[in-house]
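Participant: There's a structure below that I have some questions on.
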Amino acid sequence: MNLHTTILIPCYNTIKYLHQCLDSVFSQTYKDWDILVVNDGSTDGTGDLLKQYVKDNKISLLDLSVNKGVTFATDLGIRVARGPIITILDSDDTLLPNSLETGVRPFVEDPEMG
């Protein structure tokens, strides 16, 4: 089962939760993914935390200088995502270890889906 998915994480001032969110993606049983984080002008140190993670080549960062809102950040991320599957993950949420595997399976089984 191989179908690339981009995990899109729009974030704003969620340094308290972002570490757990990102780690939950790294713990996935399905491995054909990349992460795109849209930092929506955070002022709480979120940007500094993200710079530590961006050293991993599976993470890309769009760093907005001012807050434009979650809708803007999500729309921007969708336009930039590598896909073909995009999973939107709130920056204060986590994924169960088999979430991507379970979510991608129907698209692999039926390529016309979507």
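The values are calculated or read from the model by the stated rules, or taken from the named source; none is laboratory data. Quantities reported herein were computed from a predicted structural model and do not represent experimental measurements. All Cβ positions, glycine included, derive from the backbone under ideal geometry; neighbour counts span all protein chains shown. For the accessible areas, the whole protein counts, side chains as well, though only heavy atoms, and no ligand, DNA or RNA atoms are used. Shrake-Rupley method; radii C 1.70, N 1.55, O 1.52, S 1.80 Å.
Participant: If you scan region 68-114, which residues turn out to be of a type in the set (A, V, I, L, M) and farther than 15 Å from Tyr30 by Cα?
Facilitator: If we filter region 68-114 for residues that are of a type in the set (A, V, I, L, M), which is where we start, we get 70, 73, 76, 78, 80-81, 85-86, 88-89, 95-96, 100, 104, 108, 113.
The answer is Val70, Ala73, Leu76, Ile78, Val80, Ala81, Ile88, Leu89, Met113.
Participant: For region 43-53, what are the residues that are closer than 16 Å to Gly77 by Cα and either touching a residue at least 60 places away in the same chain (Cβ under 8 Å) or open to solvent by 10 Å² or more (accessible area, probe 1.4 Å) (or both)?
Facilitator: To start, the set of residues in region 43-53 that are closer than 16 Å to Gly77 by Cα comprises 50.
Scanning region 43-53 gives no hits.
Participant: If you don't mind, another one. Report yes if some residue within region 83-103 is in contact with a Phe, Trp or Tyr (Cβ under 7 Å, 6 or more places away or on another chain), in contact (Cβ under 8 Å) with a residue 12 or more places away in the chain and part of a loop (DSSP other than H, G, I, E, B); otherwise report no.
Facilitator: Yes, region 83-103 contains a residue that is in contact with a Phe, Trp or Tyr (Cβ under 7 Å, 6 or more places away or on another chain), in contact (Cβ under 8 Å) with a residue 12 or more places away in the chain and part of a loop (DSSP other than H, G, I, E, B).
Participant: Looking at (1) part of a helix (DSSP H, G or I); (2) of a type in the set (Val, Ile, Thr); (3) in contact with a Cys (Cβ under 7 Å, 6 or more places away or on another chain), which one does Ile78 not meet, given that it meets all the others?
Facilitator: Failed condition: (3).
Participant: Filter region 1-42 down to the residues that are in a strand (DSSP E or B) and either within 16 Å of Leu100 (Cβ to Cβ) or open to solvent by 50 Å² or more (accessible area, probe 1.4 Å) (or both) and list them by number.
Facilitator: Thr5, Thr6, Ile7, Leu8, Ile9, Trp33, Asp34, Ile35, Leu36, listed by residue number.
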